[in-house]
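Notes follow once the structure below has been shown.
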Amino acid sequence: MTITCFIRYELDPFGKAAFEHYARAWGQVIPRCGGDLIGYFGPHEGSATTAYAAYNIESLAAYEAYRARLADDPAGKANYEFARREKFILKEDRVFLTLVSGPHGPRQVFKTDVTVREGIEG
């Protein structure tokens, strides 16, 4: 049974660029170490200090092996060190959840009346 790890980050309000760098680095390391990365999500509207990450893993036992591979990965080690040195992550919480709403129906696609011209919605 696949589980999904959701990570909630509390960031330094001036650390958004550093978090984006950190997230891009994990975007390469996590899949290489066996995690099915859904993505990292940084502040956009609302809170300037809340960010999330999510990835799937087969089980908690697989998670433990995955964490060991992350700790041994040179780029993973470098990214952990980057976060420790730059101190842009103030708090990090993990929760493991399972999908209970599936299977889902097909997504309906709707046309909109919005057109974009030269970056301006009209």
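The values are calculated or read from the model by the stated rules, or taken from the named source; none is laboratory data. Since we're looking at a predicted model, the values are computed, not measured. Neighbour counts run over all protein chains shown; Cβ positions are idealised from the backbone, glycine included.
A few comments on the model shown:
- The one condition in (1) over 18 Å from C5 (Cα atoms); (2) touching a Phe, Trp or Tyr at 6+ places or on another chain (Cβ under 7 Å); (3) β-branched (V, I, T) that I57 fails to fulfil: (1)
- Test: residue in segment 48-66 that is under 16 Å from the mean Cα position of the chain (by Cα), at positive phi and at pLDDT 95 or above: no
- Within segment 60-86, considering residues that are among the acidic types (D, E) and free of Cβ contacts under 8 Å to residues at least 40 places away in the same chain, the one farthest from I7 (Cα to Cα): D72
- Lone qualifier among L90, L37 - being in contact with an Asp or Glu (Cβ under 6 Å, 6 or more places away or on another chain), hydrophobic (A, V, I, L, M, F, W, C) and at pLDDT 95 or above: L90
- Condition met for D93 (exposed (fewer than 14 other Cβ atoms within 10 Å of the Cβ), part of a loop (DSSP other than H, G, I, E, B), of a type in the set (D, E) and on the phi < 0 side of the Ramachandran plot): no
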